[in-house]
Amino acid sequence: MPSPAFDEMTLSDGSVRPAYRKLAEWLAAAPPDLLQYRVKEAELLFRRIGITFAVYGDQQAQERLIPFDIIPRIITADEWATLTKGLVQRVEALNRYISDVYGKREILKAGIVPEDLVFRNEAFRPEMAGKTPPHDLWVHIAGIDVVRVDADTFYVLEDNARTPSGVSYMLENREVMIRLFPELFSQHRVAPVERYADELLATLRSLAPRTSSAEPVVVLLTPGVYNSAYYEHSFLADKLGIELVEGRDLFVRDEVVYMRTTEGPQRVDVIYRRIDDEFLDPLVFRPDSALGVPGLMSAYHAGNVTLTNAIGTGVADDKAIYSYMPEIIRFYLGSEPILKNVPTYRCREPEALSYVLDHLDELVVKEVHGSGGYGMLVGPHASKEQIELFRAKLKASPAGFIAQPTLALSTCPTYVASGVSPRHVDLRPFVLTGSNGVRIVPGGLTRVAMREGSLVVNSSQGGGTKDTWVLDE
Amino acid sequence: MLSRTADNLFWLSRYIERAEALARILEATQRLASLPAAYGGKTNEWESAVATAGCAEGFYAKHGEADHDSVVAYLAFDRDNPSSILNCFETARHNARSVRTALTIEMWETINGAWIELRRLADRRLAGEELTRFLGWVKEIGLRFDGSATRTMLRNDIYDFSRIGMLLERADNTARILDVKYHLLLPEQGEVGGGLDYYQWQAILRAVSAVTSYHWVYRESVKPWLIADLLILNDQMPRSFAACYGELVRHLDQLARAYGRQGPAQRLARSCRARLENADIRDVFQRGLHEFITDFIADNNRLGAAVHEQYLA
């Protein structure tokens, strides 16, 4: 096991870090039943608002609440400033990389990223080769998963460059916290997050194709009510004041996208789509997709509609490409990465593979294309059978996996059945990139592994969320 | 506004209205069926409840005989009956979820709360006082939904579409109650004046929550032709054909103004209202009460189709 994790509130000598001082005092003074009472209140609020998510493969609990932890996670202004710089740099590199991969392919010619990682990548869209989306921007909304291991070190754990979700929890968690703990807010200067909806709308509008009118029409395209993130889709559409459309609400005529309205067809300029690439247009991608819009690609290629994120961005966010991110940043920006990458063994490389096979009980092994915490081995916590299962999988298709040392993710005080206790956390800030600049709202989604010692924070695996406070001073 | 959104709103309101109508039909039937046999005659009240709810085919495919238990089970809780109260709420909630942002928080909470509560109740066999309380609760949900719509919604096309759905359904329900019971209102039946008819008339009024209204309007004892007058032509009575069409015309006109365009739906609604305005209950009886009601049901369906064609497709 790694050494005891860094706790963001209490150092190993028992002293409280300055940013948490007032919170620690408050927690120490709060009678136990007060916390319990607020927990109940919080659950009631979430239930009433109807924030739920569906768990795939779980028929019983069609709609579940993600556990919400009432103790906020605090990030100082300085820490946030560093994070921001690193995130801006990272997303800029992602955009340059994708543009290059579908364009001149300089990074491949330079031999920095192996060609087969790009061209054999399931997320690579040959349809986009030689094409440039409006403004040559690809990743407009990115969720960069960051973890912390000590007072000074943040690692990027994962880039989400397709359709990252979770921002509704960032916003709703804050609303609930303000209602439940006004006294804590009066003691802390917490940077507000509510601007996110405005920032997102401004970003989306800035991406409108040049053929669109002065007042671009923006819509959010959802797979529908049965999608696990449907709540978020309707929440965002509401906050942005845009229509929440399904594929059947849209149609394409003469390479222009329209939506069916009670007043007849209306032109659509920007589609914030929460549908994966392969379902977008049955004429080009999966023909069995009932979620998409036939002809959408023709309108896209004609430059008459913007899709956010662009098609094919998945080529930048799988776990194999992840390991090349430091080189990618250096190649395009000529600067050192501000945020570190977790050292990664690419099992496609024979030396790395043999090291990984010898150290399975120490490493975290992940499927290159996996997400949501599925298909993942946490060596130190795994049983013998699980380890042997992964050994077999690794030998069968080494290129499908990467491995990383088990990081001692930082912990935050968390309210659990036995009282307040440290639990591991990560952080997903959201980075918006429009034609008029990059915007990051101070905050993000903190996910917390509710089970003691667990490192898996994904909501599908029983993870919870916390409100994330970026202090303004 | 998206056509699909308008369609969802339209059906959402229809289903809530239908659930409430079913609850009132069940209540009135339960009361009538519980009268002593001396007042009972030959009719099976549970059969006419099934007929009124318009689901005879599905019901008899599943149950041999219409009695208290089978009809309550089918109309209130059966998942195989697309129009059971349970399914009405289920569908309404599904629609509401798809158009959540078009609803006010109060409307959403009413529907979502009802759905959560109903899931708790659905697998229990309700009878007696529990059933009565349940039916009361269903009516209350209808009232709460209606009230929160009236009190919290912006008066825009969203509001119009949800009202149009509700009014079409309401007119249809009143018409179907009359369609099943029309023979009781005919003069040759009425002069018999036996005990049973009197309670049947009361039950019709009860099914549309109009017992008290009747006395306020006519200030005399219950007469069958006045019941017909109240439910068909009296525009003070909120569930009458006339009142529903007055409102339908108003909402359709609002839509036409907002969108700058009239269409078949507006014309159909106006001509139907004109017919109701110009009719006299004596003429209705003379030309045939049953034909009048059947024609109205057909017209009402035509208007629903026209609204669909014009806005929701």
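List of remarks:
- The Cβ shell under 13 Å around B:Gly260 holds other residues with a net charge of -1, Lys and Arg each +1, Asp and Glu each -1.
- Length-normalised contact order of region B:1-153 in % [C-alpha pairs under 8 Å, at least 6 apart]: 32
- Once C-alpha pairs closer than 8 Å and six or more residues apart are averaged by separation and normalised to the residue number of chain B, the relative contact order reads 23 percent.
- The trypsin sites (Lys or Arg not before Pro) of region A:131-229 that DSSP puts in a loop, and whose beta carbon has at most 11 other beta carbons within 10 Å, are A:Arg210.
- All other residues whose Cβ lies under 15 angstrom from that of B:Asn81 are scored, Lys and Arg at +1 and Asp and Glu at -1, for a net of -2.
- Protein accessible area in region B:155-313, 1.4 Å probe - carbon and sulfur %: 50
- In region A:343-406, Rg over Rh equals 0.91, where Rg is the alpha-carbon radius of gyration and Rh the Kirkwood radius from pairwise Cα distances.
- Cut-off 10 Å between beta-carbons: net charge of the residues surrounding A:Glu115, Lys and Arg +1, Asp and Glu -1: +2
- Residues of region A:259-273 buried by at least 30 Å² on assembly (accessible area, 1.4 Å probe, chain alone as reference): A:Arg260, A:Thr261, A:Thr262, A:Glu263
- Amide N proximity, region B:58-78 versus B:Glu130 label position 7 Å along Cα-to-Cβ, cut-off under 19 Å: B:68-78
- Calculated FRET value between A:Ser383 and A:Asp116, using beta carbons and R₀ = 35 Å, to 0.05: 0.55
- Accessible surface, the protein assembly as shown, averaged per residue in Å² (probe 1.4 Å): 42
- Mean Kyte hydropathy of -1.0 or more with a Cα span along the axis of at least 15 Å, helices from DSSP in chain B: B:3-33, B:85-98, B:105-121, B:128-152, B:157-185, B:195-207, B:241-259, B:289-307
- Pair A:Ala28, B:Trp137: separation of 7 Å Cα→Cβ label points (nm): 4.9
- The protein assembly as shown: Rg to Rh, with Rh as the Kirkwood radius over Cα pairs: 1.06
- Whole-number percent relative contact order across chain A, with pairs defined as alpha carbons under 8 Å at least 6 apart: 24
- Buried solvent-accessible surface, both chains (B, A), 1.4 Å probe, Å² to nearest 100: 2000
- Packing here is the average count of other Cβ atoms within 10 Å per residue, and on that basis the peptides A:344-356, B:71-83, B:164-176, highest first, run B:164-176, B:71-83, A:344-356.
- In this Cβ point-charge picture (+1 for Lys and Arg, -1 for Asp and Glu), region A:343-406 has a dipole of about 200 debye about its Cα centre.
- With a 10 Å cut-off around each Cβ of A:244-251, the average count of Cβ atoms from other chains is 3.
- Fraction of accessible area attributable to carbon and sulfur, region A:343-406 (%, probe 1.4 Å): 54
- Full extension of the chain segment joining A:Asn436 with A:Arg248 gains 64.5 nm, where the gain is 0.36 nm per residue of separation less the Cα-Cα distance.
- Packing rank of A:320-330, A:89-99, B:289-299, where each peptide gets the mean count of other beta carbons within 10 Å, highest leading: A:89-99, A:320-330, B:289-299
- Of the cross-linked pairs A:Lys109/A:Lys393; A:Lys340/A:Lys366; A:Lys340/A:Lys384, those separated by over 30 Å at the C-alpha level are A:Lys109/A:Lys393; A:Lys340/A:Lys384.
- What the Kirkwood sum gives for region A:194-258 is a hydrodynamic radius of 13.0 Å, with every pair of different alpha carbons counted.
- Rounded to 5, percent antiparallel among DSSP beta bridges of the protein assembly as shown: 75
- Around the amide H of A:Leu157, modelled in the peptide plane, lie the amide H atoms of A:Asp145, A:Val146, A:Val147, all under 5 Å away and 5 or more residues distant in sequence or on another chain.
- Gap separating the Cα centres of region A:179-198 and region B:221-247, nearest whole Å: 56
- Sparse packing (at most 16 other Cβ atoms within 10 Å of the Cβ) combined with a DSSP loop state is found for the following GluC sites (Glu not before Pro) in region A:135-222: A:Glu194.
- Per-selection metrics, region B:1-153 (Cα): Rg and Dmax in Å: 16.4, 58
- In the protein assembly as shown, a dipole from Cβ-located charges (positive for Lys and Arg, negative for Asp and Glu) runs towards its positive end, and of A:Gly463, B:Val284, B:Cys88 it is B:Val284 whose Cα lies farthest in that direction.
- FRET efficiency estimate (nearest 0.05) - Cβ-Cβ, A:Arg179 to A:Gln266, R0 41 angstrom: 0.65
- For chain A, size of Cβ-based charge dipole, Lys and Arg +1, Asp and Glu -1, in debye: 200
- Region B:155-313: radius of gyration and largest Cα-Cα distance (Dmax), Å: 16.5, 56
- Coil-residue chymotrypsin sites (Phe, Trp or Tyr not before Pro) of region A:214-318, DSSP, other Cβ within 10 Å capped at 11: A:Tyr226
- Helix runs (DSSP H) in chain A reaching 24 Å along axis by Cα, Kyte-Doolittle at least -1.0: A:32-49, A:77-101
The values are calculated or read from the model by the stated rules, or taken from the named source; none is laboratory data. These numbers were taken from a predicted model, which means no experiment stands behind them. Reconstructed Cβ throughout: ideal geometry from the backbone, glycine too, with neighbour counts over all protein chains shown. When the accessible area is computed, the model is the full protein with side chains, heavy atoms only, and any ligands, DNA or RNA have been set aside. Shrake-Rupley method; radii C 1.70, N 1.55, O 1.52, S 1.80 Å.
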